[in-house]
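The structure appears right after this line, and notes come after that.
The values are calculated or read from the model by the stated rules, or taken from the named source; none is laboratory data. As the structure is a prediction and not an experimental result, all values here were calculated from the model. FYI the Cβ positions are ideal-geometry reconstructions off the backbone, even for glycines, and counts take in every protein chain you see. In case anyone asks, the SASA skips ligands and DNA or RNA and just uses the protein heavy atoms, side chains included. Shrake-Rupley method; radii C 1.70, N 1.55, O 1.52, S 1.80 Å.
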Amino acid sequence: MSNIALLERPAATAVPTAQDSPAPLAADLPAVRSPRGFALYVGLDEIKAAEAGVSLPLLVDALRRTLAELAPGAETHATVALAPHGSGGRDLDVVRLALHEPGAIARTKAAAEEDATDEEGGVVVDISRKRVLIDGESAAFTYKEFELLQYLVLREGRTIERSELVSALWQAQDDETPGERTIDVHVRRLRAKLGRYEDIVRTVRGIGYRFDRHADVVIRYGHGTPSPDRF
């Protein structure tokens with residue numbers, strides 16, 4: 001039995017000529033980028049390589065020979081990342097940063113900006129790291145105190161009723177599930193730790209509490225911050 005697939009001849013259609021549709025100019029063509037190669041970053045210092053019974057030049061030569069077998073037309077270039085003796089960090093991170101890998105540079109810049117913000121005055125609510133900084137110092141919030149502040153922050157400008165705070169932050173089977181009025185005690189403790197910034201958590205008389213954006217407050221959301229709609 002033949003495995004050749006037979007294709008039916010398509011019905012004749014009018015083929016446009018150059019006179020019917022002029023060739024597009026280069027400026028009219030969309031800008032398309034295509035892969036031209038790849039970089040493989042290897043985090044391994046000389047000591048670890050020696051412990052494995054190899055060396056960095058030996059590994060480079062082995063990788064080049066493997067690539068030559070798989071893709072003879074490929075061009076290669078190897079470079080070694082150098083770092084000061086005793087410098088910390090993961091080997092791979094050091095290599096990526098030393099070779100100016102864009103992602104590593106962006107992360108380093110973002111971390112430096114965060115550190116600069118940490119040293120400034122005011123309140124930093126760092127949801128990604130589950131911490132609160134007050135005038136550059138880490139505040140000793142309990143888990144529930146931070147959860148309470150986070151719940152209000154994620155719903156900025158919206159008044160949250162006491163009953164909603166209880167149902168959202170305490171499970172029905174919890175031994176210490178508070179009543180609605182006990183929420184006031186938790187908020188009072190939260191405000192005490194906020195010190196002179198206590199007014200960022202506002203009381204809406206007869207209803208509950210609200211967080212409003214404040215000039216002295218920085219909210220650092222980070223990646224993977226829970227959506228307010230998923231509580």
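Brief remarks follow.
- Residue count for the stretch 134-157 under the criterion of being touching a residue at least 12 places away in the same chain (Cβ under 8 Å), of a type outside the set (A, V, I, L, M) and either within 19 Å of G121 (Cα to Cα) or not in a loop (DSSP other than H, G, I, E, B) (or both): the result is 9.
- Any hit, the stretch 78-88, residues being in a loop (DSSP other than H, G, I, E, B) and modelled with pLDDT of 90 or more: no
- Subset of the stretch 99-134 that is modelled with pLDDT under 80 and either hydroxyl-bearing (S, T, Y) or in contact with a Gly (Cβ under 9 Å, 6 or more places away or on another chain) (or both) - its residue that is most open to solvent (accessible area, probe 1.4 Å): E119
Condition check ((1) open to solvent by less than 60 Å² (accessible area, probe 1.4 Å); (2) aliphatic (A, V, I, L, M)) across all residues:
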| position | (1), (2) |
| --- | --- |
| V42 | no, yes |
| A50 | no, yes |
| D61 | no, no |
| A71 | yes, yes |
| E75 | no, no |
| V80 | no, yes |
| H85 | no, no |
| D93 | no, no |
| L97 | no, yes |
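- Selection of first residues in the stretch 54-76 that are within 15 Å of F38 (Cα to Cα) and of second residues that are loosely packed, with under 10 Cβ neighbours inside 10 Å, restricted to Cβ pairs under 9 Å at least 6 apart or on distinct chains, gives the following pairs, ordered by first then second residue: L63/L40; A74/G37; E75/G37.
- Near pairs, Cβ below 9 angstrom, 6+ apart or cross-chain, from the stretch 185-202 (at negative phi) to any residue that is assigned to a helix (DSSP H, G or I) and hydroxyl-bearing (S, T, Y): R191/Y197
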